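Presented below is the structure to which this report refers.
The values are calculated or read from the model by the stated rules, or taken from the named source; none is laboratory data. Model, not experiment: these values are computed from the prediction. Positions of Cβ are generated from backbone atoms using ideal geometry, with glycine treated the same way; all protein chains shown enter the neighbour counts.
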4 protein chains.
Amino acid sequence: MGNTFGHLFRITTFGESHGGGVGVVIDGCPPQLEITAEEIQFELDRRRPGQSKITTPRKEADTCEILSGVFEGKTLGTPISILVRNKDTRPQDYDEMAVKYRPSHADATYDAKYGIRNWQGGGRSSARETIGRVAAGAIAKKILRQVANVEVISYVKRIKDLEGIVDPNTVTLEQVESNIVRCPDEECANRMIELIEQTGRQGDSIGGVVECVARNVPKGLGEPVFDKLEADLAKAVMSLPASKGFEIGSGFAGTLLTGIEHNDEFYIDENGEIRTVTNRSGGIQGGISNGENIILRVAFKPTATIRKEQKTVTREGEETLLAAKGRHDPCVLSRAVPMVEAMVALVLCDHLLRHHGQCQVL
Amino acid sequence: MGNTFGHLFRITTFGESHGGGVGVVIDGCPPQLEITAEEIQFELDRRRPGQSKITTPRKEADTCEILSGVFEGKTLGTPISILVRNKDTRPQDYDEMAVKYRPSHADATYDAKYGIRNWQGGGRSSARETIGRVAAGAIAKKILRQVANVEVISYVKRIKDLEGIVDPNTVTLEQVESNIVRCPDEECANRMIELIEQTGRQGDSIGGVVECVARNVPKGLGEPVFDKLEADLAKAVMSLPASKGFEIGSGFAGTLLTGIEHNDEFYIDENGEIRTVTNRSGGIQGGISNGENIILRVAFKPTATIRKEQKTVTREGEETLLAAKGRHDPCVLSRAVPMVEAMVALVLCDHLLRHHGQCQVL
Amino acid sequence: MGNTFGHLFRITTFGESHGGGVGVVIDGCPPQLEITAEEIQFELDRRRPGQSKITTPRKEADTCEILSGVFEGKTLGTPISILVRNKDTRPQDYDEMAVKYRPSHADATYDAKYGIRNWQGGGRSSARETIGRVAAGAIAKKILRQVANVEVISYVKRIKDLEGIVDPNTVTLEQVESNIVRCPDEECANRMIELIEQTGRQGDSIGGVVECVARNVPKGLGEPVFDKLEADLAKAVMSLPASKGFEIGSGFAGTLLTGIEHNDEFYIDENGEIRTVTNRSGGIQGGISNGENIILRVAFKPTATIRKEQKTVTREGEETLLAAKGRHDPCVLSRAVPMVEAMVALVLCDHLLRHHGQCQVL
Amino acid sequence: MGNTFGHLFRITTFGESHGGGVGVVIDGCPPQLEITAEEIQFELDRRRPGQSKITTPRKEADTCEILSGVFEGKTLGTPISILVRNKDTRPQDYDEMAVKYRPSHADATYDAKYGIRNWQGGGRSSARETIGRVAAGAIAKKILRQVANVEVISYVKRIKDLEGIVDPNTVTLEQVESNIVRCPDEECANRMIELIEQTGRQGDSIGGVVECVARNVPKGLGEPVFDKLEADLAKAVMSLPASKGFEIGSGFAGTLLTGIEHNDEFYIDENGEIRTVTNRSGGIQGGISNGENIILRVAFKPTATIRKEQKTVTREGEETLLAAKGRHDPCVLSRAVPMVEAMVALVLCDHLLRHHGQCQVL
């Protein structure tokens, strides 16, 4: 029962890596929004495996079909259902995984919980599940842009120990998309790509940090005390596969400062608006957006599925060895970028609708 | 509408720092659980300001009353309502805050969202709101202990740059409670206390990191894909006042390892159970508990309210200066320990009930 | 976990007939609404036992206290908690009920579900639980009136076979309150009162039908397909104690008409508004309000607790006889009137906020 | 945001009468349940238009495809997505409805709420939306049967003023399916069929009452005070198109009895079980199932779409006349039977899982 996310802008995803397909039902989308399958496809293509030499070579076309909720190019206010058929299944690559648990993957825990598991390629725990999220995120981003010119932009901040220098206040989508690793620090990006390729050749994997900024977020979003904006954002991104950490604004580093060093002093800007001089709060104070840029970071561990041999056990409880066959993804960070964007957009859109109501917002 | 947390074990908190009182309604508590006001009071006393020389000197007795849901010492399965009356109000300390916004506090955002605010002591954004959480957490911890012998233990891991050495696999409540800063590394604790006192004398504040371990958690808790256990834990603790970051298991540091270094290899233990050699996953894989210890960390920024003078603005939009009067809390970390424990216990208890049902679990 | 109702305007009730008290937490109330304890008390007094000679003689003062969420006479946008202390307990009246189940009461099912029960006066299944609903309903009614001049008026339509003649389109609160049975057909009301008194003297009880009208409801409220307005209204009133049936508009009688007889033809009124000539739809079409008066009816069975002797069983499974001691309520209909009003107001207010958002509605 | 129903067994439906298709996502289905597309298709065929001479002649094959959640014939515990493609569209039949509102249909209210509407055949308000419900209901019924041998059986009780004589305690699915109107009183069924055919020839429509019984329901289901079993059942069936009334047990007629006449006396049966002599409560007391048969009735108004000419208005606000072209359904009752069964099964299954947990119930 954990496959629904959001309150007023609410998505339900479905689908395993193998089977009929994966997708999403979006409930609560404002009516009369212009949306096309192409706009959704654009984001899916950013998420797609095989999009560049540094991702898994699986060729998933991931073509989406809008099944409902859109009529003559406009949303109806009814549920939007989007389906992406599964293709390119190579179950033989997964034969061994039917009996052997991949270390640090969800194989063993799914079996412990459900007593059954689609062992073909990860089943429900596959990153393929995020297709539904990214498709819904494309719509959320459009609503945010249209209602309040909100921009949500993510990028790779760090791969292993290679950290890019990026200004979240000015970075553009074009800069992010200018290289295949999606780190808008060109020099660092090149070194990242090199490291990923080298790691892939070794059959190993690496992780890193994705940073995300949301600009022009209206003041007043967030519902204390449990649905604080940072709490919902944390849940959103920590529900992504492989995420291990979340921070907002100053984050863990902020704990090294004193109060007088950390506090964001207020001033009145040229438009008479209350603003903060610094932004260690990351755009949220007391769980509510304050109009400054929302800035957060997500830690992604190195991918669990690797070609190196590891000790593991079988379903039947015998110790054995496993080295993943076929294709593996040495680093998911470049593909995690649109996923983080989607989750952040979904949270902001849900809170925007809580504030304005579904049919009043546009 | 953000004042309810949980699905089957569901709490709703209420109350501002000033007014009639604060409290909680707990819905879904299993029937026939033995519980007394004293057991709840024990946890409230750990949260209470004025409990030691390093916390705010406010003397809040915080005596709880169980209004409903318990009959002849046992829970009825009906909502348990717990009330703590407000006392010791010194509104004159807050006069200035009626017009001036405290930097990095929730004053300005509450005003932006609601257009009104109880300016006496933080209102709803006061840490006093966590009384309801801690009271509910006391019950959740009892259920967890009784059903599966689950232990949830938090402690101060770091204050500013002073980091204690603690083994989460063996630490005990007694060790945590053995000093007033709740860092079970005695030598480090003494330095932390000294730093807090010195900071308090300067009218400044400091933050740090609370670590939490949950031991004996049954396998199979967590609901992919959005209500993954780590996602719900992240939301839970990121809804606490002053939290800026969350990590589970290897967290941000895990991103510096490669897959082969990070993966937790499986083995079969002496009882025939599937176990992991290492625990970089922090007890959760694919969003589901795997039976290993759940280990997480929460970053708390330095308290916003300080006695040092800062630039700020008034409600009317004029720039001014503010130095908080009266009492201030130089470091909330020791009091955050029972809050983190409570939130983690609430999440685990909710997922336990999702797994077993309210009336079947005990 | 069934003690919360509503999505954006969300109430959680707590409390048993005996114990500390009963009450409600209201989450999502718009900020800056002027509200006083007196306004809430007015509705509680209409619900109170002992208010007239035809209700149970229990003297419950039912004085409410607002614990939170209101500051200087205005709502804060934070949870409003309202408490009514329990008094006048005569547990000796209930001694027998500790062991014997009252027929058609909730005693046996609570024991079957929870294995424990507060046997003093019905515990959680007591009509006393509705105090929280009526208190919250008072606030919902005020919001509805203020936002859109919506009036919610209920009255006794029928007691046993005595049916009043009332025009829902013009009936006023004053007319409803003009007699103690709350049937705004004076002549019929007198016969109802006589019948209730006679039934009470016999130790028996009677039921009937409450009708409710909501006028000036804006077009567009209701969320197809599951949260249709009539579906939420049905759930709301069917959650009241002793309710056995619900109908909207033409209801069961409408099934005797043909389509051409039943359909509400459209016309354009003098303001250019689309209206219907008749109102067999009861103000809702396709789950969405159409601007006509919402009219519904609720069937209440005769009260289960009677002084006449009945066959029953004990907790230990032995057959026995039971005649309730002390006070009994021969007819709850007059007191059900404010309960139905409250539930209808809560549903409408929730849907109003879904449409407009909490902070935008006033 | 009203397209999701249920808490632990939770369905989300999607789709309009025209467009890609309609369907459902079922979240929370217990793992390892054997289920086939054929079992679901069986129920869809009972719901399908064109199944007999008394329903609309539209030939909808309504073939379902399971997209996810089932692997090698067994459920995975992950979301089950079921899709039925739309076919046989005759948009020319609906041209007039693009501009003219059908009286007592949802055309006008959808336009008022969303400002846009799929005017081809009712869009989201079409009975076609119930395909998703009926598909999910097929799975819910299987779970109920498997866990506790619960049987859910509906039938036509009354068409206009023709009322069948049926014993809910003994009626079988075979008897219900023995005639096309699904009234297991053969003699009455024949008269009903005749009346429907005659009404259809006149271009008019008729309604009636569907009765539903659930047998072998375990004691203890239902969550007071708002999620009482009868409250959830009422919401479930009142969310079906064209429903105008709901009653449980004695219903509206029960209000004509006195307490001593209405109360269900208890006795101990031959197995030592607490039972009731009569069943005016309809299997639920205090919101919780008591082990007796759950019996409820739903009133369905005559279908709104008729071929007779009626006064109406256009979107542009001009008065006009409308007579529906093409096919119309003179009576939906026989097709409403599987819909009511599905909704009742969904509620019972949800409460069963609340009681036992998703993964523990089978």
Task: Members of segment B:301-342 that are farther than 16 Å from B:E96 by Cβ and not in a loop (DSSP other than H, G, I, E, B) - done: B:L333, B:S334, B:R335, B:A336, B:V337, B:P338, B:M339, B:V340, B:E341, B:A342
- [ ] Kindly indicate whether any position in segment C:87-100 is on the phi > 0 side of the Ramachandran plot and within 13 Å of chain D (Cβ to nearest Cβ).
- [x] no
Task: Top-ranked residue of segment C:256-273 - restricted to ones that are out of contact with any Asp or Glu (no Cβ under 9 Å at 6 or more places or on another chain) and farther than 26 Å from C:V209 by Cα, ranked as nearest to the other protein chains (Cβ to nearest Cβ) - done: C:E265
Task: Odd one out for C:G282 among (1) over 21 Å from C:V171 (Cβ atoms); (2) at the interface with another protein chain (Cβ under 8 Å from one of its Cβ atoms); (3) in a loop (DSSP other than H, G, I, E, B) - done: (1)
Open item on the list: I want to confirm something. Restricting to segment B:5-20 and keeping residues that are facing chain C (nearest Cβ under 7 Å) and either outside any strand (DSSP E or B) or surrounded by fewer than 24 Cβ atoms within 10 Å (Cβ to Cβ) (or both), which single residue is modelled with the lowest pLDDT?
Closed with: B:G19
Task: So B:D161, is it within 10 Å of another protein chain (Cβ to nearest Cβ) and surrounded by fewer than 22 Cβ atoms within 10 Å (Cβ to Cβ) - done: yes
Task: D:K219, sole failed condition from (1) touching a strand residue (DSSP E or B) at 6+ places or on another chain (Cβ under 8 Å); (2) facing chain C (nearest Cβ under 7 Å); (3) crowded, with 22+ Cβ neighbours inside 10 Å; (4) part of a loop (DSSP other than H, G, I, E, B) - done: (3)
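Let's see how each residue does on (1) over 22 Å from the mean Cα position of the chain (by Cα); (2) more than 13 Å from chain B (Cβ to nearest Cβ); (3) within 16 Å of A:Y155 (Cα to Cα):
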{"position": "A:C183", "(1), (2), (3)": "no, yes, yes"}
{"position": "A:A189", "(1), (2), (3)": "no, yes, yes"}
{"position": "A:R201", "(1), (2), (3)": "yes, no, no"}
{"position": "A:V210", "(1), (2), (3)": "no, no, yes"}
{"position": "A:V225", "(1), (2), (3)": "yes, no, no"}
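Every residue, every condition in (1) at pLDDT 95 or above; (2) of a type in the set (F, W, Y); (3) closer than 20 Å to D:C349 by Cα, yes or no:
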{"residue": "D:G287", "(1), (2), (3)": "yes, no, yes"}
{"residue": "D:I295", "(1), (2), (3)": "yes, no, yes"}
{"residue": "D:F300", "(1), (2), (3)": "yes, yes, no"}
{"residue": "D:I306", "(1), (2), (3)": "no, no, no"}
{"residue": "D:D329", "(1), (2), (3)": "no, no, no"}
{"residue": "D:S334", "(1), (2), (3)": "yes, no, no"}
{"residue": "D:V337", "(1), (2), (3)": "yes, no, yes"}
TODO: For segment A:103-119, indicate whether the set of residues that are more than 9 Å from chain B (Cβ to nearest Cβ), surrounded by fewer than 24 Cβ atoms within 10 Å (Cβ to Cβ), at pLDDT 85 or above and under 22 Å from the mean Cα position of the chain (by Cα) is non-empty.
DONE: no
- [ ] Considering (1) in contact with a strand residue (DSSP E or B) (Cβ under 6 Å, 6 or more places away or on another chain); (2) at pLDDT below 95, say which one B:R191 fails and leave the rest.
- [x] (2)
- [ ] Find the residue count for segment B:246-255, including only residues that are over 25 Å from A:L321 (Cα atoms) and either at the interface with chain A (Cβ under 7 Å from one of its Cβ atoms) or outside any helix (DSSP H, G or I) (or both).
- [x] 5
Open item on the list: Taking the conditions exactly as written (of a type in the set (D, E, K, R), under 14 Å from the mean Cα position of the chain (by Cα) and farther than 30 Å from C:G220 by Cα), does C:E129 satisfy them or not?
Closed with: yes
- [ ] Search segment A:39-92 for residues being modelled with pLDDT under 85 and assigned to a helix (DSSP H, G or I), and hand back the single one that is surrounded by the most Cβ atoms within 10 Å (Cβ to Cβ).
- [x] A:P91
TODO: Taking the residues in segment C:258-279 that are part of a loop (DSSP other than H, G, I, E, B) and of a type in the set (D, E) as candidates, determine which candidate is farthest from D:I159 (Cα to Cα).
DONE: C:E270
Open item on the list: Every residue in segment A:264-315 that is farther than 22 Å from B:Y114 by Cα and within 22 Å of the chain's Cα centre (by Cα), please.
Closed with: A:I295, A:L296, A:R297, A:V298, A:A299, A:F300, A:K301, A:P302, A:T303, A:A304, A:T305, A:I306
- [ ] Output the qualifying pairs, or none if there are none: Cβ atoms under 6 angstrom, residues six or more apart or on different chains, first residue in segment B:310-323 and more than 7 Å from chain A (Cβ to nearest Cβ), second residue in a loop (DSSP other than H, G, I, E, B).
- [x] B:T314/B:V99; B:R315/B:V99; B:L321/B:E309; B:A323/B:R307; B:A323/B:E309
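Yes/no per residue for (1) in contact with an Asp or Glu (Cβ under 9 Å, 6 or more places away or on another chain); (2) over 19 Å from C:A242 (Cβ atoms); (3) assigned to a strand (DSSP E or B); (4) modelled with pLDDT under 95:
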| residue | (1), (2), (3), (4) |
| --- | --- |
| C:M97 | yes, no, no, yes |
| C:G137 | yes, no, no, no |
| C:K141 | yes, yes, no, no |
| C:R145 | yes, yes, no, no |
Open item on the list: Tally up the residues in segment B:179-216 that are surrounded by 24 or more Cβ atoms within 10 Å (Cβ to Cβ), of a type in the set (A, V, I, L, M, F, W, C) and assigned to a loop (DSSP other than H, G, I, E, B), please.
Closed with: 2
TODO: Kindly indicate the residue of segment A:285-296 that is in a strand (DSSP E or B) and more than 8 Å from every other protein chain (Cβ to nearest Cβ) and also surrounded by the fewest Cβ atoms within 10 Å (Cβ to Cβ) among those meeting that condition.
DONE: A:I295
Task: Single unsatisfied condition, B:H105 versus (1) farther than 28 Å from B:D350 by Cβ; (2) out of contact with any Ser or Thr (no Cβ under 7 Å at 6 or more places or on another chain) - done: (2)
Task: Residue count, segment C:336-362 (criterion: surrounded by fewer than 24 Cβ atoms within 10 Å (Cβ to Cβ) and either closer than 30 Å to D:E265 by Cα or away from chain A (no Cβ under 14 Å) (or both)) - done: 0
